[in-house]
Amino acid sequence: MAVYFAAKALLPQGWAENVRVGVSPEGVIQSVVADSVPDEGDIRLDGVVVPGMPNLHSHAFQRAMAGLTEVVGDPADSFWTWRDLMYRLVGKITPEQLETIASYLYIEMLKAGYTSVAEFHYLHHDVDGKAYAQPAELALRVAQAAKNVGIGLTLLPVLYTYSGFGGQPASSGQRRFINDTDSYLKLYDSIATALAPEPMQRAGLCFHSLRAVTPEQMHLVLSSQPQPQPIHIHISEQQKEVADCLAWSGLRPVEWLYDNMPVDDRWCLIHATHITESETRLMADSGAVAGLCLTTEANLGDGIFPGQAFLQQGGNWGIGSDSHISVSVSEDLRWFEYGQRLNNRRRNLLHLETEPYVGNVLYQGALHGGRMALGQNIGELAVGGRADWLVLDGDDPFLATAKDSELLNRWIFACSSNPIKDVVTGGKWVIREGRHEKDAEIKADFAQVLKQLTR
Ligand SMILES: [Zn+2]
């Protein structure tokens with residue numbers, strides 16, 4: 001067993017000093033003892049140690065288009081015109097290119113504080129929309145990328161069949177996404193089987209949205225895979241989506257979901273942006289995780305989630321970098337609070353009765369919800385958890401002078417340069433002094449792919 005020693009570490013009960021952490025060869029935490037004295041053989045963690053953050057929503061391939069859509073095309077530019085550009089990119093990507101994009105992105109995530117990721121994977125078929133000889137080809141490329149760079153993965157193959165509510169036929173831009181229920185369940189099985197031996201990977205169920213599947217499909221998938229596991233869905237990102245759902249069913253998307261599906265704490269509702277007070281209450285009471293993607297939602301002009309009410313009602317939530325317009329734990333957390341401030345013209349809105357420091361509420365809340373959404377034993381430095389942590393630069397002036405209660409506020413709101421120095425996942429160093437051992441080769445490959453895709 002390897003033993004690590006940290007002068008300061010964030011444990012589930014709060015900050016602790018002189019912490020010894022024992023980790024098995026499999027990368028699982030076996031002991032955590034605070035107020036201890038280091039042994040000679042202990043591995044020193046040189047800085048402030050916090051649990052690594054789960055990223056609960058990613059479409060890896062979209063990293064390749066980040067920054068290319070910030071130019072006026074249509075005077076009514078919106079999520080829907082952005083989506084047209086996304087479909088153009090998606091039409092071209094090869095399996096090799098996808099693996100390269102995901103590898104580069106996942107190294108960026110590790111450096112930015114994410115030690116695991118839920119990949120909401122809907123790119124299934126070849127450029128003509130035909131299944132690959134190995135139907136899970138593209139999903140397994142993503143899994144390979146995660147393994148190569150050392151990030152944890154919950155892979156969510158997506159069921160995507162239709163283009164709109166009530167089973168409207170898919171468009172040609174969606175040809176690479178489309179499965180029927182039968183081919184989806186086969187795909188899911190082959191992915192779950194392939195990932196089973198991987199200690200840092202697992203599969204989960206995923207419906208693209210209520211636009212893309214029918215109620216019958218959802219019931220069939222859930223009854224075919226009844227074991228406890230994460231279930232993700234895009235739910236209420238766009239006002240047009242809410243209007244279309246009302247026209248189809250007489251209910252708003254979250255109302256419809258709770259009326260028709262057994263929603264509980266296995267579920268993660270991505271972009272529950274447009275919800276009423278009663279929908280907020282339904283989500284908070286059910287234990288489902290609200291999947292918030294703050295920088296992407298800002299970039300796409302989606303709207304603002306009612307975070308203050310949701311937190312006051314004890315709702316679970318976590319963060320995802322989604323389209324990867326930004327890959328930064330601190331920026332996404334900061335923007336959760338800033339969105340609430342801009343909307344309410346007040347300050348310090350995401351707090352709890354027991355916790356007045358916004359940064360503490362943000363970091364601990366996102367760890368908890370991320371752990372639930374990924375369905376893995378992650379997000380806390382505790383016995384039985386995976387050894388996934390970040391070492392923040394203890395010499396950073398903001399961190400070096402902060403009281404314990406202020407540490408996370410200083411990092412999230414004040415540090416303009418990234419203070420994450422070292423990262424451990426599954427008991428292995430993946431980032432040291434800000435560098436990944438595969439930086440050079442993957443950076444060169446990624447530049448090549450960008451050139452090919454934008455030519
Ligand atoms: Zn998404």
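The values are calculated or read from the model by the stated rules, or taken from the named source; none is laboratory data. On a predicted model such as this, the values are computed, not experimentally measured, just so you know. Here the Cβ is made from the backbone with ideal geometry for all residues, glycine too, and neighbour counts use every protein chain on show. Heavy atoms of the whole protein, side chains included, go into the accessibility calculation; ligands, DNA and RNA do not. Shrake-Rupley method; radii C 1.70, N 1.55, O 1.52, S 1.80 Å.
Tell me whether the range 15-28 contains one or more residues that are open to solvent by 40 Å² or more (accessible area, probe 1.4 Å), touching a residue at least 24 places away in the same chain (Cβ under 8 Å), assigned to a strand (DSSP E or B) and away from the ligand (no atom under 16 Å from the Cβ).
Among the residues of the range 15-28, at least one is open to solvent by 40 Å² or more (accessible area, probe 1.4 Å), touching a residue at least 24 places away in the same chain (Cβ under 8 Å), assigned to a strand (DSSP E or B) and away from the ligand (no atom under 16 Å from the Cβ), which makes the answer yes.
Would you say residue 81 is surrounded by fewer than 16 Cβ atoms within 10 Å (Cβ to Cβ) and polar (S, T, N, Q)?
Spelling it out, residue 81 is indeed surrounded by fewer than 16 Cβ atoms within 10 Å (Cβ to Cβ) and polar (S, T, N, Q).
Is it the case that some residue within the range 152-170 is open to solvent by 10 Å² or more (accessible area, probe 1.4 Å), over 26 Å from residue 431 (Cα atoms) and of a type in the set (Phe, Trp, Tyr)?
yes
I'd like the full set of residues that are touching a Gly at 6+ places or on another chain (Cβ under 6 Å) and either within 14 Å of the ligand (Cβ to nearest atom) or open to solvent by 20 Å² or more (accessible area, probe 1.4 Å) (or both), limited to the range 45-61.
Across the range 45-61, the qualifying residues are 55, 56, 57.
Would you call residue 304 among the β-branched types (Val, Ile, Thr) and within 30 Å of residue 377 (Cβ to Cβ)?
No: the conditions fail for residue 304.
Please state which of the following conditions residue 64 fails to meet, knowing it meets all the rest: (1) closer than 30 Å to residue 397 by Cα; (2) within 16 Å of the ligand (Cβ to nearest atom).
(1)
Do any strands (runs of 3 or more DSSP E) lying entirely in the range 264-341 carry at least 1 residues that are over 15 Å from residue 235 (Cβ atoms), in contact with a helix residue (DSSP H, G or I) (Cβ under 7 Å, 6 or more places away or on another chain) and within 16 Å of the ligand (Cβ to nearest atom), and which ones are they?
Correct list: 316-319.
For the list (1) more than 16 Å from the ligand (Cβ to nearest atom); (2) β-branched (Val, Ile, Thr); (3) out of contact with any helix residue (DSSP H, G or I) (no Cβ under 6 Å at 6 or more places or on another chain), I need the number of the one condition that residue 100 fails.
Condition not satisfied by residue 100: (3).
Results for (1) over 28 Å from residue 5 (Cβ atoms); (2) among the polar types (S, T, N, Q); (3) out of contact with any strand residue (DSSP E or B) (no Cβ under 8 Å at 6 or more places or on another chain); (4) open to solvent by 10 Å² or more (accessible area, probe 1.4 Å), shown as yes or no for each residue.
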{"site": "328", "(1), (2), (3), (4)": "yes, yes, yes, yes"}
{"site": "336", "(1), (2), (3), (4)": "yes, no, no, no"}
{"site": "343", "(1), (2), (3), (4)": "yes, yes, yes, yes"}
{"site": "349", "(1), (2), (3), (4)": "yes, no, yes, no"}
{"site": "356", "(1), (2), (3), (4)": "yes, no, yes, yes"}
{"site": "362", "(1), (2), (3), (4)": "no, no, yes, no"}
{"site": "367", "(1), (2), (3), (4)": "no, no, no, no"}
{"site": "384", "(1), (2), (3), (4)": "no, no, no, yes"}
{"site": "388", "(1), (2), (3), (4)": "no, no, no, no"}
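Restricting to the range 381-399, count the residues that are in a loop (DSSP other than H, G, I, E, B) and more than 21 Å from residue 228 (Cα to Cα).
Here the count works out to 9.
Against the condition loosely packed, with under 15 Cβ neighbours inside 10 Å and on the phi < 0 side of the Ramachandran plot, how does residue 103 come out, does it pass?
The answer is no for residue 103.
Regarding the range 434-441, can at least one residue be identified that is part of a loop (DSSP other than H, G, I, E, B), open to solvent by 30 Å² or more (accessible area, probe 1.4 Å) and under 30 Å from residue 313 (Cβ atoms)?
Checked against the condition, which is being part of a loop (DSSP other than H, G, I, E, B), open to solvent by 30 Å² or more (accessible area, probe 1.4 Å) and under 30 Å from residue 313 (Cβ atoms), the range 434-441 yields no hits at all.
Enumerate the strands (runs of 3 or more DSSP E) found wholly within the range 185-253, keeping only those where 3 or more residues are within 16 Å of the ligand (Cβ to nearest atom) and either surrounded by 18 or more Cβ atoms within 10 Å (Cβ to Cβ) or among the polar types (S, T, N, Q) (or both).
205-209, 231-234
Within the range 246-267, how many residues are over 26 Å from the mean Cα position of the chain (by Cα) and in contact (Cβ under 8 Å) with a residue 60 or more places away in the chain?
3
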